[in-house]
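Contents: one structure, followed by commentary.
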Amino acid sequence: MPNADFQLIVIGAGPGGYVAAIRAAQLGFKVACVDKLPTLGGTCLNVGCIPSKALLQSSDSYERTSHSLKEQGVIAQHVTFDFPAIMQRKDGIVRTLVDGIASHFKRHSITRLEGSASFVNPQEIEVNGKRYTAEQFIIATGSEPIPLPFLPFDEKQILSSTGALSLPAVPKTMTVIGAGSIGVELASVYRRLGTAVTVIEMLDTITPGMDAALSKQLQQSLKKQGIEFFLGATVTEGKILKNGVSLAINHARQSRVDAEVVLVAIGRKPYTTGLNLKAANVNTTQKGLIPVDGNFRTSQPHIYAIGDVIDGPMLAHKASHEGIAAVELLAGLSPTVNYMSIPNVVYTDPEVASVGMTEAEATASGRKILTGTSHFRGNARARCSGDLTGLVKVVGDEATGRLLGMHLIGAHASEMISEGVIALDKKATLSDLAHACHPHPTLSEAIMEACQQALGFAIHG
Ligand code: FAD
Ligand code: NAI
């Protein structure tokens with residue numbers, strides 16, 4: 001479109017949108033980024049990854065100082081915590097990071113539009129009564145929590161993750177519906193701070209999609225820490241009482257679960273409310289996703305979509321990766337997003353991190369596979385740090401020797417998984433990893449050892 005206000009308008013300033021806007025500015029585009037929130041960073045920075053990890057860190061520090069230091073010969077007495085200070089620290093971290101993005105926008109001369117964007121026609125949006133045209137658009141409007149029809153969020157007694165990240169006080173009891181990433185992470189936060197937490201999950205296992213052995217081990221660890229689980233259970237009714245919520249559940253062991261607050265964490269759905277996609281002739285699926293082709297193009301070739309609003313895992317790094325790729329495509333470069341090497345991390349204790357195929361997926365693909373495992377209890381560094389609950393599992397292709405998947409449970413799994421990401425991305429073999437010299441003593445030696453075990457020569461196996 002000649003004489004457009006901008007070459008590119010990005011709608012949504014989450015990790016998909018703000019990263020796309022910065023990359024576009026780096027590549028010389030005249031770019032604007034619009035968000036309806038007063039702060040940049042989207043779900044991830046404001047009410048997702050960052051505040052949840054800040055609370056996980058504070059609660060973990062409290063738990064370790066009160067319970068785990070004794071075995072290292074360190075006696076900490078009268079350990080306590082200051083909940084308002086924990087919340088203030090979380091808010092401060094969020095503030096610093098969202099302000100940081102605002103500075104990046106200024107430095108890159110990105111025009112920031114504040115308000116809800118709505119398409120007027122395929123080439124024009126309206127924000128706060130003003131109209132803006134662009135040659136190309138990227139939609140990065142993210143996702144929102146799914147409510148239970150009979151338990152709508154009030155963020156006081158029936159919480160979404162957003163409410164659970166900003167509670168005024170630690171509740172005595174909490175029921176969590178859904179044992180996905182949000183469910184187990186936030187259950188961990190409040191259990192560590194003294195809340196009696198019950199988790200109700202409709203499937204027979206927690207954290208769907210995770211390698212079965214690791215999911216089982218994670219559940220055992222969380223149960224040992226005091227979280228009660230009702231698996232294979234559904235909630236059939238919810239009654240809001242004066243001081244809590246009473247849920248009727250379908251489970252052989254129990255039929256009611258009462259708690260002060262309920263966190264509903266049964267998944268998220270794409271968010272396009274108010275965008276007026278009809279005016280832009282952009283299609284959505286029945287589930288509300290925006291379908292895109294291999295180049296992130298929607299049904300309108302000059303309108304792209306990335307992140308949670310399109311298909312794929314709802315993860316911040318996936319959204320950012322797609323943002324960069326979409327903009328580089330616009331600039332005529334040839335980027336690729338390797339969906340096989342997008343890692344997934346659950347920040348519980350123990351942490352769980354995985355990339356690539358699980359053993360079940362690799363087997364189902366019809367390949368002959370090799371698997372190797374190495375337990376942290378046989379690892380020297382884990383002995384020193386006391387992090388003995390953990391293991392590395394690798395899955396490889398027998399015919400080619402190539403790594404197909406890596407699955408870690410235990411301390412620092414979130415950091416170590418990047419070795420698997422690079423290995424998968426660069427098509428490395430189990431032998432490459434088994435023969436790469438890893439520093440000693442480190443937990444990462446368990447990755448090398450698991451690969452050695454898969455190939456039949458584990459030194460400490
Ligand atoms: P979002 O981050 O959702 O951003 C979309 C933006 O678009 C929002 O700012 C919204 O205000 C704006 N917007 C929407 N509609 C309009 C409109 N019409 N006009 C203007 N602006 C609009 N992922 C991880 O990878 N690691 C984690 O540890 C992790 N932890 C999480 C913890 C929680 C509690 C939650 C809820 C999520 C977590 N996620 C995590 C998921 C992660 O937050 C999302 O995958 C990620 O934010 C998606 O990025 P996005 O850019 O697609 O969308
Ligand atoms: P999820 O899809 O991860 O898990 C939802 C869970 O709820 C599933 O186990 C599902 O079986 C269960 N469930 C669904 N309906 C139910 C019902 N009626 N009763 C009982 N259980 C029910 O969704 P979650 O945890 O809400 O997270 C949303 C998204 O946010 C995820 O897709 C995830 O990618 C992202 N996220 C990522 C994190 C990370 O990377 N560490 C942390 C938190 C969220």
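The values are calculated or read from the model by the stated rules, or taken from the named source; none is laboratory data. Only a predicted model underlies this, so the values are computations on that prediction, with no experimental measurement involved. Quick reminder, even Gly has a Cβ in these numbers, built from the backbone with ideal geometry, and neighbours come from all protein chains shown.
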Return a yes/no flag: does the range 217-236 have any residue that is closer than 30 Å to H407 by Cβ, in contact with a Phe, Trp or Tyr (Cβ under 9 Å, 6 or more places away or on another chain), surrounded by 15 or more Cβ atoms within 10 Å (Cβ to Cβ) and of a type outside the set (F, W, Y).
-> yes
Among the residues of the range 191-214, which ones are without any contact (Cβ under 8 Å) to a residue 60 or more places away in the chain, under 20 Å from S52 (Cβ atoms) and not β-branched (V, I, T)?
-> R191, G194, E201, P208
For R23, state whether it is more than 25 Å from G226 (Cβ to Cβ), of a type in the set (K, R) and part of a helix (DSSP H, G or I).
-> yes
Those residues that are among the polar types (S, T, N, Q) and in contact (Cβ under 8 Å) with a residue 60 or more places away in the chain, I need them from the range 43-90; list them, please.
-> T43, S52, S59, S68, Q72
Consider T363 carefully, then state whether it is surrounded by 15 or more Cβ atoms within 10 Å (Cβ to Cβ) and either without any contact (Cβ under 8 Å) to a residue 12 or more places away in the chain or closer than 30 Å to V19 by Cα (or both).
-> no
Those residues of the range 171-197 that are surrounded by fewer than 22 Cβ atoms within 10 Å (Cβ to Cβ), of a type in the set (G, A, S) and more than 12 Å from ligand 1 (Cβ to nearest atom) come to a total of 2
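Listed here are the residues, each with its yes/no results for (1) in contact with a helix residue (DSSP H, G or I) (Cβ under 9 Å, 6 or more places away or on another chain); (2) surrounded by fewer than 16 Cβ atoms within 10 Å (Cβ to Cβ).
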{"residue": "V10", "(1), (2)": "yes, no"}
{"residue": "R23", "(1), (2)": "yes, no"}
{"residue": "C33", "(1), (2)": "yes, no"}
{"residue": "E63", "(1), (2)": "yes, no"}
{"residue": "A76", "(1), (2)": "yes, yes"}
{"residue": "D91", "(1), (2)": "yes, yes"}
{"residue": "A102", "(1), (2)": "no, no"}
{"residue": "N121", "(1), (2)": "yes, yes"}
Looking only at the range 79-90, decide whether some residue is closer than 29 Å to T273 by Cα, out of contact with any Cys (no Cβ under 8 Å at 6 or more places or on another chain) and of a type in the set (A, V, I, L, M, F, W, C).
-> no
A careful count of residues in the range 313-333 that are hydrophobic (A, V, I, L, M, F, W, C), touching a residue at least 60 places away in the same chain (Cβ under 8 Å) and within 12 Å of ligand 2 (Cβ to nearest atom) gives 3
Within the range 127-174, track down each residue that is part of a strand (DSSP E or B) and in contact with a Gly (Cβ under 9 Å, 6 or more places away or on another chain).
-> V127, K130, I138, I139, S143, P145, L148, L151, I158, T173
Is it the case that I146 is crowded, with 21+ Cβ neighbours inside 10 Å and not aromatic (F, W, Y)?
-> no
Positions within the range 174-185 being out of contact with any Leu (no Cβ under 6 Å at 6 or more places or on another chain), aliphatic (A, V, I, L, M) and within 18 Å of V47 (Cα to Cα), in sequence order = I182, V184
Evaluate the range 302-312: report whether one residue or more is assigned to a loop (DSSP other than H, G, I, E, B), touching a strand residue (DSSP E or B) at 6+ places or on another chain (Cβ under 7 Å), near ligand 1 (Cβ under 10 Å from one of its atoms) and touching a residue at least 12 places away in the same chain (Cβ under 8 Å).
-> yes
Among the numbered conditions (1) assigned by TED's automatic domain parsing to the domain that holds G323; (2) over 30 Å from D204 (Cα atoms); (3) more than 16 Å from ligand 1 (Cβ to nearest atom), tell me where Q286 comes up short.
-> (2)
Quick check, is D293 acidic (D, E), closer than 24 Å to P335 by Cβ and either within 16 Å of ligand 1 (Cβ to nearest atom) or surrounded by fewer than 18 Cβ atoms within 10 Å (Cβ to Cβ) (or both)?
-> yes
Name every residue in the range 1-17 that is more than 6 Å from ligand 1 (Cβ to nearest atom) and under 17 Å from I310 (Cβ atoms), in order of residue number.
-> V10
Taking helices (runs of 4 or more DSSP H) that do not extend beyond the range 32-116, which have at least 3 residues that are under 27 Å from G129 (Cα atoms), more than 16 Å from ligand 2 (Cβ to nearest atom) and over 18 Å from the mean Cα position of the chain (by Cα)?
-> 83-107
